[in-house]
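The values are calculated or read from the model by the stated rules, or taken from the named source; none is laboratory data. Owing to the predicted nature of the structure, the values given are computational and were not obtained by experimental measurement. Every residue, glycine as well, gets a Cβ built from its backbone with ideal geometry; the counts of neighbours run over all protein chains shown. Accessible surface areas use protein heavy atoms only, side chains included; no ligands, DNA or RNA. Shrake-Rupley method; radii C 1.70, N 1.55, O 1.52, S 1.80 Å.
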Amino acid sequence: MRVLVYGAGVIGALLAHELKRCGQDVTVLARGAWRETLAERGMIIHHHLQVHITGDRLRMIGELDPQDRYDLIFVAVQGQQRPDVLPALAANVSERVVLVGNDLQAAKTQETLLAGDPRKQVAFAFQPTGGYRDGERVIAMHAGIALYVGALRGRLDQDFLQAIKTALTGHRCRVIPTPNMEAWLQAHAAIVLPAAYLCYVLDYDLRRSTSRQRAQVVAAIREALDALAALGVPVPPGTAAWLRGLVRLRLVRTAAWLVAKTSIGELAAADHCRTASAEMVHLDAQFDRILAGYNGTMPAWRDLRAVALPIMEQATKQKAAMAPES
């Protein structure tokens, strides 16, 4: 199967590695100095939990030719970068596109792709992986590759789903069919953002968090999920029930402590916040637009966000100022 991975950050690197491991013909689209590094040294990944390093030599390209056809295209770029890559994807002849990662404008994303080519099949996916780029390699926190994937609304076409499963047939891969991915991604943002806010408040050191701060994060998550439900978003039924069950059993305190006080939190949350502040600011702005129609109160969310947002914005400005001119 001929597969393109569009983007070579942590998510894209792991997808490309696993697709090659599954025997697929893999091409990676990357740009700038990072593309040169990958072309010269290969895709080097330090798998943190597995305590081993892999290296793959992959075909590299810098642009997507409109006539270059792939059986599947996995798009693994940050949310704020996605609008910039959609025109090239819409113009390309490949018909099956899987967009991996945060996207609170999923309906608009799909509309743009279909406007370019109504024959396109579009899926949305999320790969729960943490990590960051470190010089010439990727540091990745994962327990195998899990890919939650589905249609914007309803269920994904079975042939399309089977093609994705066929591409990822390795023993470490799990393709998890997930209906209503638009709602799933919104619920995921409700869970992720409060933890991100705390990362910025604590200067990326979650080990400093107090039990009161962790409780505030949990309360903010509950408020956001309740807000989505009130707005008519079909939040996955198990999500809110799972969180309330943990609260009722007081297991959430243990879970929050494990995330905050170990390397899990550092790699899965803090490092991403440090290196991807622009994405987190973008995610916050999109979620805030969703909440604009909600009339309820969200005190834990409001107070945590009020402290964190200026820090997030300042971090983004500093990174933009330090970025080399293209």
The lone exception for Pro194 - which of (1) crowded, with 22+ Cβ neighbours inside 10 Å; (2) within 20 Å of Val100 (Cα to Cα); (3) at pLDDT 90 or above; (4) not hydrophobic (A, V, I, L, M, F, W, C) it fails
(2)
From Asp288, Asp284, grab the single residue that is under 17 Å from Ala196 (Cβ atoms), open to solvent by 40 Å² or more (accessible area, probe 1.4 Å), modelled with pLDDT of 90 or more and not aromatic (Phe, Trp, Tyr).
Asp288
Among the residues of the stretch 159-175, write down those that are in contact with a Gly (Cβ under 9 Å, 6 or more places away or on another chain) and either open to solvent by 40 Å² or more (accessible area, probe 1.4 Å) or without any contact (Cβ under 8 Å) to a residue 40 or more places away in the chain (or both).
Leu161, Thr169, His171, Arg172, Arg174
Filtering the stretch 1-36 down to residues that are farther than 22 Å from Pro128 by Cα and of a type in the set (Asp, Glu) yields Asp25, Glu36
I'd like to verify a number: residues in the stretch 280-294 that are aromatic (Phe, Trp, Tyr) and without any contact (Cβ under 8 Å) to a residue 12 or more places away in the chain, how many?
0
For the stretch 72-81, does any single residue satisfy the condition of being surrounded by fewer than 21 Cβ atoms within 10 Å (Cβ to Cβ) and in a helix (DSSP H, G or I)?
yes
Matching entry among Leu156, Leu86, Leu99 (being under 23 Å from Cys273 (Cα atoms), surrounded by 14 or more Cβ atoms within 10 Å (Cβ to Cβ) and free of Cβ contacts under 8 Å to residues at least 40 places away in the same chain)
Leu99
Residue set Ala215, Ala227, Ala240, Ala183; condition surrounded by 17 or more Cβ atoms within 10 Å (Cβ to Cβ), modelled with pLDDT under 90 and more than 18 Å from Ala278 (Cα to Cα); output residue Ala240
Pairs needed: first member in the stretch 126-150, touching a residue at least 40 places away in the same chain (Cβ under 8 Å) and within 21 Å of Leu161 (Cβ to Cβ); second member anywhere, open to solvent by 10 Å² or more (accessible area, probe 1.4 Å) and of a type in the set (Ser, Thr, Tyr); C-beta distance under 7 Å; at least 6 residues apart or different chains.
Phe126/Tyr148; Val149/Thr178
Filtering the stretch 1-54 down to residues that are in a strand (DSSP E or B) and open to solvent by 30 Å² or more (accessible area, probe 1.4 Å) yields Arg2, Asp25, Ile44, His46, His52, Ile53
